[in-house]
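What follows is calculated from the coordinates using simple rules that are stated; it is not laboratory data. Quick caveat: nothing in here was measured; it's all calculated off a predicted structure. Methodologically, a virtual Cβ is constructed for each residue, glycine included, from the backbone with ideal geometry; neighbour enumeration extends over all protein chains shown.
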Amino acid sequence: MSKMDAVIPTKLSLESKFRFRCHKGIKCFTSCCKDIEILLTPYDVVRLKKRLNMSSDDFLGRYTRMKTDEKSSHPYAYLRMNDDEEKKCPFVTEDGCTVYTDRPANCRYYPIGQGTIKKEGKEGPFQQEFYFFIKEPHCYGYHEKKQWTVDAWRKDQEVDLYDGINREWKAIQLRRNLPSEPELDPRKQIQFYMASYNLDKFRDFIFGSEFLNVFDIDDETVEKIRTDDVELIQFGVKYIKYLMMLEESLKLKKDAEKYRKKDNDGPE
Ligand code: SF4
Ligand code: SF4
């Protein structure tokens with residue numbers, strides 16, 4: 001939730017220490033909740049739509065804007081700031097964040113940022129998460145005495161829960177660093193966005209089309225994704241990987257051809 005020039009280019013580990021405290025009495029209170037880019041994750045949308053008692057479609061239409069990443073061609077949802085001069089977050093008031101207990105992962109992490117790199121190990125490639133400071137001049141939280149490790153901060157802010165649920169989805173972003181990867185065509189972009197963010201629509205698609213006649217999904221998974229949004233996030237990641245031909249994460253049924261559209265590889 002920051003501007004790139006505020007990023008301190010030093011990689012931090014879970015044991016790295018820093019001083020920080022954000023509280024209602026601080027003179028910069030809520031000054032960080034405006035004119036910022038907050039990339040949303042699938043679990044952010046699940047928490048916020050539930051909090052606001054909205055469908056995912058309504059939430060995305062009202063509170064987000066979609067932006068396609070130039071490098072990867074993946075479409076991502078960003079929290080939409082108010083459309084006026086101040087460009088405040090729609091959820092901020094003088095008393096603070098009105099969706100605090102369901103605020104997005106990037107808001108939880110702040111003033112820490114998080115990234116992931118792919119590394120080569122003895123047993124093949126693996127992902128390594130790293131952290132960095134975001135120091136913006138208007139933020140006085142760094143002048144406070146309370147000391148943290150990155151690990152303790154993540155737990156205190158409950159962002160470890162968010163990372164656990166979003167981890168596989170975030171790993172798909174690493175594809176942007178592979179020069180050989182083709183751009184997603186518009187149809188796949190729509191599917192990527194739906195399976196990432198618009199989970200109510202994705203569920204309707206699975207249960208209201210020939211999807212379950214085309215893909216071989218076990219009964220236990222079918223029952224889980226019928227009602228559980230977190231299970232549906234994980235299933236959505238499998239579907240995205242299948243669409244992007246990253247791995248054979250879903251299997252077709254033997255007679256799938258009968259149910260597939262002639263002009264693409266999706267269900268009727
Ligand atoms: S969601 Fe809450 S914490 Fe995040 S920018 Fe908006 S008001 Fe601030
Ligand atoms: S201390 Fe930093 S994070 Fe907290 S309100 Fe002030 S600017 Fe925002």
### Distance violations [Cα-Cα > 31 Å] among Lys49/Lys253; Lys135/Lys155; Lys24/Lys49; Lys119/Lys238
Lys49/Lys253
### Query
Just how large is the dipole of the range 4-176 about the Cα centre, in debye to the nearest 20, putting +1 at every Lys and Arg Cβ and -1 at every Asp and Glu Cβ?
360
#### Entry: Compactness index (Cα Rg / 2.2 N^0.38 Å), the range 71-200
1.27
#### Entry: Extreme residue, positive dipole direction of the chain, given options Tyr109, Ile172, Phe235 (C-beta unit charges)
Tyr109
### Query
Expressed as a whole number of Å, what is the distance separating the alpha-carbon centroids of the range 21-66 and the range 77-119?
5
### Query
In deg cm²/dmol, rounded to 500, what helix-only [θ] at 222 nm does the chain give when every DSSP H run of at least 4 residues adds -39500 (n - 2.57) and the total is split over its residues?
-10000 deg cm²/dmol
### Query
Where does the Debye-calculated log10 I(q)/I(0) of the chain sit at q = 0.11, 0.16 Å⁻¹, using only Cα point scatterers of equal weight, no solvent?
-0.69, -1.33
### Task
Considering the options Ser209, Leu184, Ile225, tell which one lies farthest towards the positive end of the dipole of the range 184-259, charges being +1 on Lys and Arg and -1 on Asp and Glu at the Cβ, about the Cα centre.
Leu184
#### Entry: Hz values of 3J(HN,Hα) by residue in the range 122-131 - Karplus curve (6.51, -1.76, 1.60), Gly and Pro given as x
4, 9, x, x, 9, 9, 10, 8, 9, 9
### Message
For the range 1-127, compute Rg over Rh where Rg is the Cα radius of gyration and Rh is the Kirkwood radius from the inverse mean 1/r over Cα pairs.
### Response
1.00
### Query
How high is the relative contact order of the chain, in percent, counting Cα pairs under 8 Å that sit 6 or more residues apart?
23
#### Entry: Kirkwood hydrodynamic radius of the range 184-259, Cα pairs, Å
12.6
### Query
Are there GluC sites (Glu not before Pro) in the range 195-259 that DSSP puts in a loop and that have at most 10 other Cβ atoms within 10 Å, and which ones?
Glu247, Glu248
